[in-house]
1. Yes or no: residue 133 touching a strand residue (DSSP E or B) at 6+ places or on another chain (Cβ under 8 Å), under 24 Å from residue 52 (Cβ atoms) and in contact (Cβ under 8 Å) with a residue 12 or more places away in the chain?
2. For residues that are surrounded by 10 or more Cβ atoms within 10 Å (Cβ to Cβ) and in contact (Cβ under 8 Å) with a residue 24 or more places away in the chain, scanning just segment 177-190, find the one that is nearest to residue 42 (Cα to Cα).
3. Output the number of residues of segment 69-81 satisfying the condition of being in contact with a helix residue (DSSP H, G or I) (Cβ under 7 Å, 6 or more places away or on another chain) and modelled with pLDDT under 95.
4. For segment 1-77, please list each of the strands (runs of 3 or more DSSP E) lying entirely inside it that holds at least 1 residues being free of Cβ contacts under 8 Å to residues at least 60 places away in the same chain.
5. How about segment 15-38: which of its residues are out of contact with any helix residue (DSSP H, G or I) (no Cβ under 7 Å at 6 or more places or on another chain) and under 27 Å from residue 112 (Cα atoms)?
6. Which number in (1) outside any loop (DSSP other than H, G, I, E, B); (2) surrounded by 16 or more Cβ atoms within 10 Å (Cβ to Cβ); (3) over 14 Å from the mean Cα position of the chain (by Cα) marks the one condition that residue 91 misses?
7. Out of all the residues in segment 94-119, which are over 24 Å from residue 158 (Cα atoms) and outside any helix (DSSP H, G or I)?
8. Going by the structure shown, is residue 45 modelled with pLDDT under 95, under 27 Å from residue 74 (Cα atoms) and in contact with a helix residue (DSSP H, G or I) (Cβ under 7 Å, 6 or more places away or on another chain)?
């Protein structure tokens, strides 16, 4: 059997609450925008999406996560600003940006890439761009006002210390995905 997995950094309680506030305000202010908003409890910064991982190979993936964590010191991060991917003409994803901690997150993602078995490095050909996805746009034409409002209504900065990375399993259900932490790995305390 295989588990659908990814590696991520969780948001702090304060960052999660601020993101939830932004989502709630956007839903209220733009009720006609067709967006599948993320549940605040699921918000995270993805370091690496792995896809299906055979049960017999989870230990190899976990070893890679531990290796990358061993070479990464605790670091501060600031979530700030909002935007869309790929661009404002064809928006598909609404995100919160990372101001402080970008280099450390990129270094951690690169460390995972070096430590992970090659079979889990397929399919990711774009450059790593640290962000927190808060919504997926279902109908871009319904979201024009919302997309432009993101520029005028920035997400206020929220900072915290990253002290662990998490290996998650993602189970797809008709009601949406459900995330379960397989293991939380503490970063180097050095």
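1. On the way: touching a strand residue (DSSP E or B) at 6+ places or on another chain (Cβ under 8 Å): yes; under 24 Å from residue 52 (Cβ atoms): yes; in contact (Cβ under 8 Å) with a residue 12 or more places away in the chain: yes.
In short, yes.
2. 179
3. Qualifying residue count, segment 69-81: 2.
4. Details: elements: 2-10, 35-37, 44-54.
By residue number, 2-10, 44-54.
5. If the condition is that a residue be out of contact with any helix residue (DSSP H, G or I) (no Cβ under 7 Å at 6 or more places or on another chain) and under 27 Å from residue 112 (Cα atoms), then 15, 38 are the ones that fit.
6. Among (1) outside any loop (DSSP other than H, G, I, E, B); (2) surrounded by 16 or more Cβ atoms within 10 Å (Cβ to Cβ); (3) over 14 Å from the mean Cα position of the chain (by Cα), residue 91 violates only (1).
7. Filtering segment 94-119 for residues over 24 Å from residue 158 (Cα atoms) gives 110-119.
Of everything in segment 94-119, those that are over 24 Å from residue 158 (Cα atoms) and outside any helix (DSSP H, G or I) turn out to be 116, 117.
8. Values: modelled with pLDDT under 95: no; under 27 Å from residue 74 (Cα atoms): yes; in contact with a helix residue (DSSP H, G or I) (Cβ under 7 Å, 6 or more places away or on another chain): yes.
No: the conditions fail for residue 45.
The values are calculated or read from the model by the stated rules, or taken from the named source; none is laboratory data. These numbers were taken from a predicted model, which means no experiment stands behind them. FYI the Cβ positions are ideal-geometry reconstructions off the backbone, even for glycines, and counts take in every protein chain you see.
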